[in-house]
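What follows is a structure written as structure tokens; I'll ask about it next.
The values are calculated or read from the model by the stated rules, or taken from the named source; none is laboratory data. Treat the numbers as computed from the prediction; the structure is a model and nothing was measured. Cβ sites come from the backbone with ideal geometry, for glycine too, and all protein chains shown count toward neighbours. Only protein heavy atoms, including side chains, enter the accessible area calculation; ligands, DNA and RNA are left aside. Shrake-Rupley method; radii C 1.70, N 1.55, O 1.52, S 1.80 Å.
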Amino acid sequence: HDLLGTFDIWRYAGQLVPVLLPIAPPKADETSLLPDPLPEAFVAAAAFTREQEGGFIITRVMPEATNAGITATQYDAYRSEKNLPQRDLKDMTDSEILEIYFTKTWLAAGCNTLPQRLARVHFDTAVNLGVASANEIRTRATEGDIQAQRGVDQLDDVLLRYLDTRRDVIRGRN
């Protein structure tokens, strides 16, 4: 039960998935776009980011509420694309969180093309700042080097530059 600290391990579509407690186990959905099995790198990144993001949050610094780092606008768009009725962000299911994370962030940001350590940081950045900002940070951190963008060489250097660039963007230094 405590294999991942605040996470429990549940089987979803034949894959062991770490999920933040307390939440209901994900239910398989006929309209799900999740692969079976989920890629290990995605599962690790999603678990890390989900733990950091927490649940439903409203703060003065953010323009709108989030649930697991997903805004109401993103959630409404996701449900519209699936021809589902709109629902309150607080009622978003764990299956929906995983699917949004995978399709709208992991794949959209190109995390699936990166080495796992860089993919985890890039995914977390994409959840926090948006896919476009994360991709801009990635481009700036790799200084246009195609091999570095693919994570082929000098991964540690790329990670350090990525984290420095991310910090500067978050602090507003551009």
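With the crude spin-label approximation of a point 7 Å out along Cα→Cβ, what separation in nm comes out for residue 88 versus residue 170?
Going by the 7 Å Cα→Cβ label model, 3.0 nm.
OK, next. Once you have the Kirkwood Rh of segment 60-103 from its Cα pairs, apply Stokes-Einstein at 10 °C and 1.306 mPa s and quote D in µm²/s.
Answer, rounded: 148 µm²/s.
If R₀ is 41 angstrom, what is the calculated FRET efficiency for the pair residue 57 and residue 143, using the beta carbon separation as r and rounding to 0.05?
The formula returns an efficiency of 0.75 here.
Still on this structure, please answer the following. List the residues, sorted by chain then number, that are 5 or more residues from residue 56 or on another chain and whose placed amide H is less than 5 Å from its amide H.
The list, which skips near neighbours in sequence, is 68.
Using the Karplus equation 6.51 cos²θ - 1.76 cosθ + 1.60 (θ = phi - 60°), what ³J(HN,Hα) coupling, rounded to whole Hz, does each residue of segment 122-131 give in order, writing x for Gly and Pro?
Working through the residues one at a time gives 5, 4, 4, 5, 5, 5, 6, 10, x, 4 Hz.
From the phi angles alone, apply the Karplus equation (6.51, -1.76, 1.60; θ = phi - 60°) to segment 159-167 and give each ³J(HN,Hα) in whole Hz, x where the residue is Gly or Pro.
4, 5, 5, 4, 5, 5, 5, 4, 4
Same structure again: If you take the alpha carbon radius of gyration of segment 72-147 and divide it by 2.2 N^0.38 Å, what ratio comes out, to two decimals?
The reported ratio for this selection is 1.24.
Right, next: Suppose the chain between residue 117 and residue 40 were pulled fully straight at 0.36 nm per residue; how much longer would it get relative to their current alpha carbon spacing? Show your work: numbers first, answer last.
Values: separation 77, 0.36 × 77 = 27.72 nm, distance 1.19 nm.
Residue separation times 0.36 nm, minus the Cα-Cα distance, leaves 26.5 nm.
Just the number, please: carbon plus sulfur as a percent of the accessible area of segment 29-142, 1.4 Å probe, no ligands or DNA/RNA counted.
Here carbon and sulfur together make up 52 percent of the probe-accessible area.
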